[in-house]
1. Tell me, what is the per residue accessible area of the range 163-273 in Å², probe radius 1.4 Å?
2. Any aspartates and glutamates with Cα under 18 Å of the K100 Cα? List them, leaving off those in the same chain fewer than 8 positions away.
3. Which of rounded, prolate or oblate describes the range 397-499 when judged by the alpha-carbon gyration tensor and an a/c cut-off of 1.5?
4. Kindly provide the helix-only [θ] at 222 nm of the chain, computed as the sum of -39,500 (n - 2.57) over DSSP H runs of four or more divided by all residues, to the nearest 500 deg cm²/dmol?
5. Between rounded, prolate and oblate, where does the range 163-269 land on the alpha carbon gyration tensor, with a ≥ b ≥ c its root eigenvalues, rounded for a/c under 1.5, else prolate if a/b exceeds b/c?
6. Mind jotting down the distance between the C-alpha centroids of the range 272-349 and the range 92-117, whole Å?
7. Could you tell me what a quarter of the Cα convex hull surface of the chain works out to, in nm² with one decimal place?
8. Which of rounded, prolate, oblate describes the range 311-358, given a ≥ b ≥ c as roots of the alpha-carbon gyration tensor eigenvalues and a/c under 1.5 marking rounded, otherwise prolate only if a/b is larger than b/c?
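The values are calculated or read from the model by the stated rules, or taken from the named source; none is laboratory data. Source: prediction; values computed, not measured. Reconstructed Cβ throughout: ideal geometry from the backbone, glycine too, with neighbour counts over all protein chains shown. Side chains included, ligands, DNA and RNA excluded: accessible areas come from the protein's heavy atoms. Shrake-Rupley method; radii C 1.70, N 1.55, O 1.52, S 1.80 Å.
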Amino acid sequence: MISNIKKEGSDNSKVMYIAHHLTDVSGPRLTNSPGFLRAANWAKDELTKWGLINAQLEPWGEFGKGWQQEKCYVAMVSPYYQPLIAVPRAWTSGTKKLLKGEVILIKAQDTASMVQYAGKLKDKIVMTWSAAQLKPSFDADGRRFADTSLERMALAEMRQPGGPNQPQQQNAQRQNRSGRFAIQRRINELINQEKPALILSMDASGNDGTVFVASGGQYSKNAAEAPANVMLSSDDYLRLQRLIEDGIKVEIEADIKTKFFDNDMQGYNVIAEIPGTDPKLKDEIVMLGGHLDSWHGATGATDNAAGCSAMMEAVRILKTLNIQPRRTIRIALWSGEEEGLLGSKAYVKNHLADTANGQWLLKPDHSKISAYYNLDNGTGKIRGVYLQGNEAERTIFAKWLESFTDEGAKTITINNTGGTDHLSFDRAGIPGFQFIQDEIEYDTRTHHTNMDTYDHLVPEDLKQAAVIVAGFVYNTAQRDEKMPRKAMPPARPVQQRGF
Ligand SMILES: [Zn+2]
């Protein structure tokens, strides 16, 4: 069966066709935006066409407002004309008209120094002083794991919170950083209160025209609309800053339209199934998934159309081969991941395990999920799997990976990895796994940027990932036992179950 899976996945792959529809055709997929719903409905229809059953957009609870940008023009018009690279931050307002005005540079290191600006920023175009300096980069944007790094991961012992891998110095640095963030947040609030016409922002991690852009406002039902706020490319931002510091008057023209959607505040996950066939095991479930929502600066190709495309392709392969799985196979494409794993957390709460007064309230399906497999670390191929601290899986996964060592996937690490939807399952005592993936350009160029486009996907890597996931899901569906579980973790309220 594994060689049939490999053959179907390489000879008839549809992974790039899926990715094209989720990115180019659907557009950005901010949760509850029209782009998200285009992608979700397309995925539901496509899964149905392939023969999966119960394909649906399943509501998981109230998320809040959708939002999209509808126009974005920002240019410097004085001392000379220059179009600027700009992307509105999510859930911020537009400018309501074509603005033209001088840019005010706010220099404030603490909240006290904001007093001098009180009453002076209303209807103005403002930016805050940045200490950032851009440097040429001498490292390649894209990278794969070196064998030595993979070997280190394989030999690693379990990381303990606060243990030797996290020395005190790092903790101090982290506290320092979060202190600085808190001051910056407070300064931003004070600026918002002054009701400027437009705020110019920058994120120093972006260079060479790459803009890292996420939220600048709030999506909850009753939240006030944040003022217009655009993320500029760092190069453009720092040029404006230098000119203003030279005493040169800098004027900007901007016309920004954004739209909030509040007709339906429900969040939706896309769910579909291949039904199990074994009379004793068909009520048990193997899950696979990734988050379908994205940020809006581009089309969320590596974060995370890549993962969704590989997962959809995995079930397409299994369905095409007409496997008759013993257990039911269920795919889930989540929403609200970027806002804190909201869709998958709510799914677990609604179907599997809730908490009250520090106690678990386990639902019948809690005992029926064998495992959940997740992909959300970009376009890179699979190099192995994180055990998430569950040593009992090691020999099982090692056996399965033997079929894929020639494709570069052989590493098993005891460690966990964070930041994505398998945690929602792991924190409720259900085996949840994210695969080890090559980074490619994830951190340097694509993750949450205006460059996260179809062109940054690597077709061969996505094909490989889909085939390996299909193999894991197939093996999980067929084995006699469910996957071994860790002891139940403490029953923390759903909001506090980490990221
Ligand atoms: Zn992601």
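1. Accessible area per residue, the range 163-273: 53 Å².
2. Partners within reach: D123, D236, E251, E253, D255.
3. Because a/c hits 1.5 or more and a/b fails to exceed b/c, the range 397-499 counts as oblate.
4. Roughly -8500 deg cm²/dmol at 222 nm, from the helical runs in the chain.
5. Oblate, since a/c reaches 1.5 and b/c is not below a/b.
6. Using only Cα atoms to place each centre, the spacing works out to 44 Å.
7. Averaged projected area of the chain's Cα convex hull equals 24.4 nm².
8. oblate
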